[in-house]
């Protein structure tokens, strides 16, 4: 609205989940999320480790995969959860936002998992979705559950290194992906069901004031999902409702539309370590897409 049409950037398929890992089963997850239709996978949570290896989750089957630079896939963990957001911690272990189990640490060498945070004052989370890491070693994560316009009670939390827990947002219409700016002073949160990305200042205390709608995506069957931020503070907004990623400048101006080469379920994205490319999970087809990025002006 009130902007020039964003330029198009094409994508291509980088790799897809090998057939040997695919299942085609009905499950409790597919009952709730796909009207009972069986699914063979649902990829999410792309992130890179220090060796430049890509990791993704397979939500319905509680699996974590590592994709080598030569595009070989390795199953490194499988457990009875629904992992979604995924990040590599400074010590090399993985941290997942799990809808069933809260925050979960995964040892990438052994596949062992352990709970980090499952409840708040003995009360279960609504259902975690995504997370991001601050350089002060706090963890910011969304508690989406089944919230939406009918129930705007989704939450955004911050877990400090010393165990303190801040409730930053409690009125979110489906908080989903989240990302920090490069200075790590502001947090951006995708609100899926209102088709918005919110932005607000992070303070040392838990006070949030003047949260702003930073960007909107066109309405449709699904709003913004995963987010990524490059070193020039350009924001990447995954939008499965329209099968694309929106690239927005630091002021909220939409610059590019990165269009899926296959499928519409572009749920999340991550910059390659050199920031020359963007990888995208096309979740329903089990593909990883890649787009070559224009340099920042």
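Within the listed set 20, 203, 276, the residue fluctuating most in the Gaussian network model of the chain (springs between alpha-carbon atoms under 10 angstrom) is 20. Computed over the Cα atoms of the range 79-202, the ratio of the radius of gyration to the Kirkwood radius (Rg/Rh) comes to 0.95.
Rounded if a/c is under 1.5, else prolate if a/b beats b/c, else oblate: with a ≥ b ≥ c from the C-alpha gyration tensor eigenvalues square-rooted, which is the range 245-287? Because a/c hits 1.5 or more and a/b fails to exceed b/c, the range 245-287 counts as oblate. Taking the centroid of alpha carbons for each part, the range 189-244 and the range 8-23 are 25 Å apart.
Tally the DSSP beta bridges in the chain and give the antiparallel ones as a percent, rounded to 5. The antiparallel proportion sits near 95 percent. Can you give the calculated 222 nm mean residue ellipticity of the chain, where each DSSP H run of n ≥ 4 adds -39,500 (n - 2.57) and the sum is split over every residue, rounded to the nearest 500 deg cm²/dmol? -500 deg cm²/dmol, from helical runs alone. Take each peptide in 5-16, 189-200, 148-159, count the other Cβ atoms within 10 Å of every residue, and average; sorted highest first, the result is 189-200, 148-159, 5-16. Across the range 148-297, C-alpha contacts under 8 Å between residues 6 or more apart give a mean separation that, scaled by the residue count, equals a relative contact order of 13 percent. For the range 84-132, the relative contact order is 37 percent, taking Cα pairs closer than 8 Å that sit 6 or more residues apart in sequence and dividing their mean separation by the residue count. Using a simple spin-label model with pseudo-atoms 7 Å out from Cα toward Cβ, residue 89 and residue 50 lie 1.4 nm apart.
Estimated translational diffusion coefficient (Stokes-Einstein, Kirkwood radius over Cα pairs, 4 °C, 1.567 mPa s) of the range 7-292: 70 µm² per second. Note on residue 205 and residue 259: their simple-model spin labels are 5.0 nm apart, each label 7 Å out from Cα toward Cβ. Just need the relative contact order of the chain here, percent rounded to a whole number, with Cα pairs under 8 Å and 6+ apart. Over the chain, the number comes to 16 percent.
Would you mind checking the range 32-70 for residues with the amide N under 16 Å from a putative spin-label position 7 Å along Cα→C-beta of residue 19? Label zone hits: 40-41.
Applying 1/(1 + (r/R0)^6) with R0 = 30 Å to the Cβ-Cβ distance of residue 165 and residue 249 gives a FRET efficiency near 0.35.
Every number in this text was worked out from the coordinates using simple rules, so none of it is lab data. The shown structure was predicted, so the numbers you read here are calculated from the model rather than taken from an experiment. Positions of Cβ are backbone-derived with ideal geometry, glycine not excepted, and every protein chain shown enters the neighbour counts.
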